[in-house]
C-alpha cells in the first residue's frame, strides 16, 4: 500500500485551517499549527512532505519560518499562503525556496492543482535527497581504497578541487577505474553537497536522446514527446552537480549548447523559445586522452578548457598491484554480508591468480569477480579453482610462422566489409561488449570503432 503524504498547515486563522483540513484529510495525513514556533516543532517531529505556510503569523514572519524549514533534512516543499497586500513578500519567499503560492480567498480548483503539483515535486525531491544520502553513505572517502601513490595523489586532488563550487573537473581513466566514484566524492565534499548529483553516460544514447535528456523539451517538441513536456537533467541537477561520463561522445552541436550553459548559465529546452536559468557544476569523465581528441579536431577546445580547469588521471588497477589484495578483502566482507557467507582468507594460489591477472575491467571487474565467487561457493577460503574463470584460455595463435594473420578465405571470395564486420564482431564479443576495451584491442580510436559498430548494425 502506498504511504500517504503528510501535509502541515501553518496559519493563525482557525476557520481557514479547518476548511483546508476537511478538503485534505480524505487523501492525506494533515497536521496544523496556529503559529510559527509550533509549526517548526511539528515539522521536525512529523517530517511533512508539504507545508502550507501563511506569511503573516502572530509570533514570527512566514519568511523566517521558510528559512528554517529549508535548513531541515529532509526539507519539505513549501507553498506560501498570503493576502493580496502581501504579494510582494511572496517574491522573497520564492527566493528563499518556496515552490508556489496561493492568494486568499483560495480558489478550490487552483488549490487542488497546486497541492498535487507541489506533492509531485516533493516526491521527486525526496527521492533525490534519499539517493544523495545513500550515495554519500556508500561512496564516502572510505570507499576509495588503496595506498598506491598515484591513486592517493588523485584523491588529494579530488578533495582539493571539491572546495570550489564551480571549477570544471575532468576525470580520466579506463573503464572501471572509478571515475564516477571520484565525481561523487567531489560532489559530497563540495559546497553543493546538499543538492542533487545527477549522472549521464554520453555514450549510451543517440545525440537526439542526449539533447532531450540534458535540456528537456517543451510540449509537442517532437513526435513521441510527452504532452506536458519534460524537465532535462540540467534542471534536475539545479544547485548541484551534473556528471557527464564519456563526454568525448557528445555531438558537436550539443558541445556548443553545453558551452553556452557554462558561460551564460542558461539554455533553451528542445522546441522552446524561452530561456531557462540554471546554476550547476559540471564534472566530466573520459576513458581516453580528451586533449588528444581535441587536437585531432573531434572535440571543441573552448569546451575542453571549461571542463578541464582541473584534470585528475586515475591509474588502472594493473598499475596498482599493491592495492589488489586490500580491495579483495574489502569486497569479500561486502559480499559476505550480502549473501550470508563466511569467507575469511585467500589461498596462495588464488592470490597469485589475482595478482597476475591484468584486470582490463579494473576495480569493477575485480568486484564482479569477488561477487561471483562468494555467491557461488560455500567455503571460508578463496582457493585457486574458484578463480578458474580468470585463467587464460588456450587458443591457437592468431599469427602463423611467417607473421601473417591466420584465417581461411572462402573459395568464392568475400567482401572486405564482411571480413571487417566479422573481425569487429569477434573482438566486440571477446571484450564482452566493452567499447573501450574493443577499441584498444583493435588499436583504433574509440570514435572510429563506434562509427563501424553503427555502420554494421552492431550497435543500436
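Each reported figure results from applying straightforward, stated rules to the coordinates on display, with no laboratory input. Keep in mind it's a predicted model, so treat the numbers as computed, not measured. Every residue, glycine among them, receives a Cβ derived from its backbone with ideal geometry; neighbour counts consider all protein chains shown.
Give me the percent of DSSP beta bridges within the chain that run antiparallel, rounded to the nearest 5.
DSSP beta bridges in the chain are roughly 10 percent antiparallel.
Between segment 1-47 and segment 185-200, what is the separation of their alpha carbon centroids in Å?
Segment 1-47 and segment 185-200 have Cα centres separated by 32 Å.
Counting each DSSP H run of 4 or more residues in the chain as -39500 (n - 2.57), what helix-only mean residue ellipticity at 222 nm follows after dividing by all residues, to the nearest 500 deg cm²/dmol?
-14000 deg cm²/dmol
If I model a spin label at residue 88 and residue 201 as a point 7 Å from the Cα along the Cα→Cβ vector, what separation in nanometres do I get?
Inter-label distance under the simple model: 5.4 nm.
For a quick check: sort 197, 441 by the number of other beta carbons within 10 angstrom, fewest at the front.
So the ranking, lowest neighbour count to highest, is 441, 197.
On each of the three principal axes of the Cα atoms of the chain, give max minus min coordinate, whole Å, ordered largest first.
Computed over the chain, the largest-to-smallest principal extents equal 95, 55, 42 Å.
For 260, 311, what ranking results if the residue with the fewest other Cβ atoms within 10 Å of its Cβ goes first?
Exposure proxy ranking, most exposed first: 260, 311.
Cα extents of segment 6-133 along the three principal axes, largest first, in whole Å?
39, 30, 24
Kindly work out what percent of the DSSP beta bridges joining two residues of segment 6-133 are antiparallel, to the nearest 5.
In segment 6-133, DSSP labels about 5 percent of beta bridges as antiparallel.
Taking the Cα atoms only, what angle lies between the long axis of helix 321-339 and the longest principal axis of the chain, rounded to 10 degrees?
Between the helix axis and the principal axis of the chain, the angle is about 60 degrees.
Could you compute the FRET efficiency for residue 289 and residue 358, with r as their C-beta to C-beta distance and R0 at 22 Å, rounded to 0.05?
Calculated transfer efficiency: 0.60.
How high is the FRET efficiency between residue 338 and residue 153 when r is their beta carbon distance and R₀ equals 22 Å, given to the nearest 0.05?
0.10
Starting from the Cα-Cα distance between residue 379 and residue 420, subtract it from 0.36 nm times their residue separation and give me the gain in nm to one decimal.
Value of the extension gain: 10.1 nm.
State the dimensionless ratio Rg/Rh of segment 317-390 (Rg: radius of gyration of Cα atoms; Rh: Kirkwood radius).
Checking Rg against Rh, the ratio lands at 0.92.
For 431, 286, 202, which order do you get if you count the other beta carbons within 10 Å of each Cβ and list the fewest first?
431, 202, 286
Angle between the Cα long axis of helix 416-430 and the longest principal axis of the chain, 0 to 90 degrees, nearest 10?
With both axes taken from Cα atoms, the answer is about 70 degrees.
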